[in-house]
Amino acid sequence: MSSRRQFIKASSMASASLMLGAAGFSARSYRRIIGANDRVRVGVVGFSDRFKDTLGPCFLQHQQAQNFELVAVSDLWKLRREQGVAWLKANNSDATVQAFANNEALYSSKSVDAVIVSTADFQHALHAIEAVQAGCDAYVEKPFAETMADNRAALKAIKASQQIVQVGSQRRSGPNYHAANQYIRSGQFGPITMVELVWNVNQPGRWRRPSLVAQCQERDTDWKRYLMNRPFEKWDPRKYLEYRLFWPYSSGMPGQWMCHQIDTVHWFTDLQHPRSVVANGGIYAWKDGRQNWDTMTAVFDYGPAEDMSNGFQVVFTSRMHNSTGGMSEIYYSNGGELNMLTNKVSPKGGMQKNEAAAMGMAPNLLPESDLNAQTTAVSVATAANMGADPLTSMHMLNWMECVRSRQQPNAPVEAGYYHSIASIMTNAAVRTGQKASFDSQRQEVMVGGKVFEM
């Protein structure tokens, strides 16, 4: 019972801390922050479906209380730029909204203090660099980076700045995830022996934009700016709008989905990246010209680099053509499991007392505990349009509060840097068919003794 009481107390503390954040700072604490009464002007970098459906609505939930305002849109495509202005005006009736054809024009205008970046996957790290170098704080969608060169450059630029950057790993703002983190760190769970991560959907249209592709003309966009540092190729509206299906614009499943779940492994254990990854993927169902897989499995070895006898395995599986199994995140020890789908700790599958005695081992049977005890229950959605879901809303609020307080947010740049390493290692393993490792000294993903490159 003492173990259960300690867990509930930890859960309560995590929830209280987060709910204090949701309630906002006290008047006294606000008065201590220079300029806290000034309105924070925010620009939208990339008026995407992700912004329109989720990030924007989450921002609107808190903008009045936090004294933030959406005032600008930067988008390379004329249609989306116009749609963005209309959306911002409709949701900010008193705001004067400016439109910019590119980020250079946005930042040179000096019209924004912060930006929300929801552009193509391969652009996130590069757009984060642009933001901080312009003196702006940023909320940057995941995946943070799809290559180690971009990952290193963004980490260096952000750490050299004074800007507040929140990476879009919204699990880090969930009370139940904070409770799980505290429980594992307390030692009561015992050493992690394995983690099973699953992300299955049946969404034939996921990442497809056929109606938009038909409307998108090169004359209305800036294809060269879109490519940024990717190799030049001729105009392709599918790679502009359906980029998640095509490498090197996105890794697909690793960068879109796996990076969320693998981030919790790093957070709960303080491990920065896998020791190695083997993976396989294929296009088995959706024969629509895509290059990124509709089915994949990755197996990770995690643990201290200096002690290969210590560690655990992580398995990530995902498919886009059958939703059986849905989404799950289960942590195992020899005493039972911690299940983030049910938000419960249980002795399920754990070593019994008589089994332990026969092996000369101490049993570590876990108590039945509820991660939602004394916390706010927050579920994770897999829909393409999640709306203003609670996790993202909490995460957006945390960023807004940190812009005010100048404290580090729940998912600082390091979180993005490390989940990107795992994602890039997975991408490298699938594309080369070889085991991927990480050279910590060079900060490079390695396959077959060579640096993995595009």
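The values are calculated or read from the model by the stated rules, or taken from the named source; none is laboratory data. These numbers were taken from a predicted model, which means no experiment stands behind them. Glycine gets a Cβ as well: all are built from the backbone with ideal geometry, and neighbour counts include every protein chain shown. We work out accessible area using only protein heavy atoms, side chains counted, and drop any ligands, DNA or RNA first. Shrake-Rupley method; radii C 1.70, N 1.55, O 1.52, S 1.80 Å.
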Taking every DSSP beta bridge that has both residues in the chain, what percent is antiparallel when rounded to the nearest 5?
-> 60
Please get the size of the charge dipole for the chain, origin at its Cα centre, with Cβ charges of +1 on Lys and Arg and -1 on Asp and Glu, quoted in debye to the nearest 20.
-> 400
Grab the Cα-Cα distance for Gln133 and Gln215, subtract it from 0.36 nm times how many residues apart they are, and report the gain in nm with one decimal.
-> 26.1 nm
For Thr193 and Asp439, compute 0.36 nm times the residue count separating them, minus their Cα-Cα distance, and round to one decimal in nm.
-> 86.1 nm
So which trypsin sites (Lys or Arg not before Pro) in the range 390-454 are both in a DSSP loop and have at most 12 other Cβ atoms within 10 Å of their Cβ?
-> Arg406, Arg442
Relative contact order of the range 136-230 (C-alpha contacts under 8 Å, at least 6 apart) in percent is 23
If you project the alpha carbons of the range 242-282 onto their three principal axes, what span does each projection cover, largest first, in Å?
-> 34, 19, 14
GluC sites (Glu not before Pro) restricted to DSSP loop in the range 212-306 with at most 13 other C-beta within 10 Å | Glu233, Glu306
Stretched out fully, how many nm does the piece from Gln203 to Gln64 gain, at 0.36 nm a residue minus the Cα gap?
-> 46.5 nm
Amide H contacts under 5 Å for His273, placed H, 5+ residues apart | none
Computed [θ] at 222 nm, deg cm²/dmol, the chain (DSSP H ≥ 4; -39,500 (n - 2.57); rounded to nearest 500) | -10500 deg cm²/dmol
Can you spot the lysines whose alpha carbon is less than 30 Å from Lys287's alpha carbon? Ignore those fewer than 8 places along the same chain.
-> Lys52, Lys142, Lys224, Lys234, Lys239, Lys435
Go through Glu337, Glu82, Glu130 and list them by solvent-accessible area, largest first, probe radius 1.4 Å.
-> Glu82, Glu130, Glu337
Sequence-distant aspartates and glutamates (8 or more away, or on other chains) whose Cα lies within less than 19 Å of Lys89 | Asp49, Asp53, Glu69, Asp75, Asp113
Mind listing which chymotrypsin sites (Phe, Trp or Tyr not before Pro) in the range 145-233 are in a DSSP loop and have 10 or fewer other Cβ atoms within 10 Å?
-> Phe232
What aspartates and glutamates sit close enough to Lys344 to cross-link, taking a C-alpha to C-alpha distance under 14 Å and skipping anything fewer than 8 places away on the same chain?
-> Glu329, Glu368, Asp370
Cα-based Rg then Dmax for the chain, in Å, read 22.3, 75
Calculated FRET efficiency for the pair Asp307/Thr342, C-beta based, R₀ 22 Å, to 0.05 | 0.10
Percent RCO, i.e. relative contact order, over the chain, from Cα pairs under 8 Å lying at least 6 residues apart = 21
For a label point 7 Å along the Cα-to-beta-carbon line of Ala285, residues of the range 168-209 with backbone N under 15 Å = 199-208
Reported to the nearest 10 Å², Thr324 has, with a 1.4 Å probe, an accessible area equal to 90
Which shape class, rounded, prolate or oblate, goes with the range 105-208 when its Cα gyration tensor gives a ≥ b ≥ c as root eigenvalues, a/c under 1.5 marks rounded, and past that a/b bigger than b/c marks prolate?
-> prolate
Between the range 67-145 and the range 220-249, what is the C-alpha centre distance in whole Å?
-> 19
Considering every pair of different Cα atoms, what Kirkwood radius, in Å, is found for the range 173-319?
-> 17.9
Heads up, the range 34-158 by the C-alpha gyration tensor (a ≥ b ≥ c square roots of eigenvalues; a/c under 1.5 rounded, else a/b over b/c prolate, else oblate) looks prolate
